[in-house]
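Worksheet: the structure to be examined is printed underneath.
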Amino acid sequence: VRVTFHNETQKLTYLLFVDLLKYTPLSRYHLTHTIDRDNREFWNLEIRNVHQTDQVYYSCVLTAIKPISKIFHVKVLGM
């Protein structure tokens with residue numbers, strides 16, 4: 001999920017993926033899922049042809065009995 005904060009009480013979210021199912025029409029976003037030999041899972045969001053507007057927060061939510069959410073800020077360096 002792409003998260004944009006407009007002020008401290010309002011945020012806009014844009015659903016990008018659910019599992020490997022893509023919800024965004026933007027072809028610049030790609031998601032990969034790998035499992036290593038120790039059965040650890042890795043999910044990676046790749047943004048191609050990065051724009052300054054990609055400098056926002058992104059959230060990854062794992063739904064289970066107790067959902068886990070992580071928020072990451074992407075900073076675009078040099079253009």
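The values are calculated or read from the model by the stated rules, or taken from the named source; none is laboratory data. Just so we're clear, the structure is a prediction, and the values are computed from it rather than from any experiment. FYI the Cβ positions are ideal-geometry reconstructions off the backbone, even for glycines, and counts take in every protein chain you see. Side chains are part of the model used for accessible areas, which takes the heavy atoms of the whole protein and leaves out ligands, DNA and RNA. Shrake-Rupley method; radii C 1.70, N 1.55, O 1.52, S 1.80 Å.
Accessible area per residue of the chain at 1.4 Å probe, in Å²? In whole numbers, the chain has 84 Å² accessible per residue.
Sorting Val76, Val1, Val18 by accessible area puts them as Val18, Val1, Val76; the probe is 1.4 Å, largest comes first, and only protein heavy atoms count. Recomputing Cα Rg over 2.2 N^0.38 Å from the coordinates shown identifies the correct label among (1) 1.03; (2) 1.21; (3) 0.98 as (2).
Only Lys, Arg, Asp and Glu carry charge here, each on its Cβ (+1 for the first two, -1 for the last two); on that basis the chain has a dipole of about 80 debye about its Cα centre.
Considering only protein heavy atoms and a 1.4 Å probe, what is the carbon-and-sulfur percentage of the accessible area of segment 1-47? Answer for segment 1-47 is 52 percent, counting heavy atoms of protein chains only. Charged neighbours of Val76, selected by a Cβ distance under 15 Å, balance to +2 (K, R count +1; D, E count -1). Stretching the chain fully between Asp36 and Val76 yields a gain of 11.5 nm (0.36 nm per residue, less the alpha carbon separation). If you run the Gaussian network model on the chain, springs between alpha carbon atoms under 10 Å, then out of Lys11, Lys22, Lys66 the most flexible one is Lys66.
Stretching Asn49 away from Tyr14 to a fully extended chain increases their span by 10.7 nm, per 0.36 nm per residue minus the current alpha-carbon distance.
Surface listing: Arg2, Arg37 arranged by accessible area from highest to lowest gives Arg37, Arg2, probe 1.4 Å.
Over all other residues within a Cβ to Cβ distance under 9 Å of Tyr29, the charged ones net out to +3, with Lys and Arg as +1 and Asp and Glu as -1.
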